[in-house]
1. For segment 23-36, which residues satisfy the criterion of being under 25 Å from Pro84 (Cα atoms) and either acidic (Asp, Glu) or surrounded by 17 or more Cβ atoms within 10 Å (Cβ to Cβ) (or both)?
2. Failed condition for Val89, given (1) in a loop (DSSP other than H, G, I, E, B); (2) closer than 25 Å to Ala19 by Cα, with all others met?
3. Output the qualifying pairs, or none if there are none: Cβ atoms under 7 angstrom, residues six or more apart or on different chains, first residue in segment 21-36 and more than 14 Å from Lys62 (Cα to Cα) and part of a helix (DSSP H, G or I), second residue hydroxyl-bearing (Ser, Thr, Tyr) and open to solvent by less than 60 Å² (accessible area, probe 1.4 Å).
4. Within segment 94-109, take every residue that is under 17 Å from the mean Cα position of the chain (by Cα) and not small (Gly, Ala, Ser) and give me the one that is surrounded by the most Cβ atoms within 10 Å (Cβ to Cβ).
5. Could you tell me whether any residue of segment 60-77 is touching a Leu at 6+ places or on another chain (Cβ under 7 Å), over 19 Å from Leu29 (Cα atoms) and of a type outside the set (A, V, I, L, M, F, W, C)?
6. Report yes if Arg66 is under 23 Å from Gln18 (Cα atoms), free of Cβ contacts under 8 Å to residues at least 24 places away in the same chain and open to solvent by 70 Å² or more (accessible area, probe 1.4 Å), otherwise no.
7. Restricting the first residue to segment 37-61 and requiring it to be surrounded by 14 or more Cβ atoms within 10 Å (Cβ to Cβ), which pairs with a second residue that is outside any strand (DSSP E or B) and among the acidic types (Asp, Glu) meet a Cβ separation below 8 Å and a spacing of at least six or different chains?
Amino acid sequence: MPRAAWSGRIHVATRTFQAVRMAVNDESLALTEALPQAAALLGRGGRLGVISFHSGEDRIVKRSFRLLKQSGDFAELLPSPIRPGHDEVQDNPRARSAKLRVLERLEAA
């Protein structure tokens with residue numbers, strides 16, 4: 001990658017190492033399997049919060065929550081994720097890409 005294309009905030013190898021880590025650990029499959037299992041453990045009124053740090057993870061969480069919502073037993077508390085504010089990113093730059101989604105159990109299983 002030419003030096004001129006490097007971003008000023010993020011090291012050029014960050015995404016490459018992130019992709020390698022995700023592939024080696026099979027993180028997408030693990031997340032896809034874990035979300036319904038975690039939701040099944042919730043009692044009535046219980047909430048499941050998931051923080052994702054990149055769009056691939058967020059897409060999996062969003063789709064899983066929407067599938068669970070279709071059953072009628074769950075509801076997403078907010079239609080869009082909660083993002084960190086400017087002050088939080090200033091204090092903790094690693095929070096810049098974080099997205100929080102929350103699912104609530106309406107009916108007990």
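The values are calculated or read from the model by the stated rules, or taken from the named source; none is laboratory data. On a predicted model such as this, the values are computed, not experimentally measured, just so you know. Counting neighbours? That spans all protein chains shown, and the Cβs are built from the backbone with ideal geometry, glycine included. The accessibility values were calculated without ligands, DNA or RNA, using every heavy atom of the protein model including side chains. Shrake-Rupley method; radii C 1.70, N 1.55, O 1.52, S 1.80 Å.
1. Once the filter is applied, which keeps residues that are under 25 Å from Pro84 (Cα atoms) and either acidic (Asp, Glu) or surrounded by 17 or more Cβ atoms within 10 Å (Cβ to Cβ) (or both), segment 23-36 yields Glu27, Leu31, Leu35.
2. (1)
3. Hits for this filter: Met22/Ser28.
4. Leu103
5. For segment 60-77, residues touching a Leu at 6+ places or on another chain (Cβ under 7 Å), over 19 Å from Leu29 (Cα atoms) and of a type outside the set (A, V, I, L, M, F, W, C): present.
6. Here the answer is no, as Arg66 does not meet what is asked.
7. Ser52/Asp58; Glu57/Glu27
A quick yes/no check of all residues on (1) at pLDDT 90 or above; (2) in a helix (DSSP H, G or I); (3) among the aliphatic types (A, V, I, L, M):
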position: Ile10; (1), (2), (3): no, no, yes
position: Phe17; (1), (2), (3): no, yes, no
position: Leu48; (1), (2), (3): yes, no, yes
position: Ile51; (1), (2), (3): yes, no, yes
position: Asp58; (1), (2), (3): yes, yes, no
position: Lys62; (1), (2), (3): yes, yes, no
position: Leu68; (1), (2), (3): yes, yes, yes
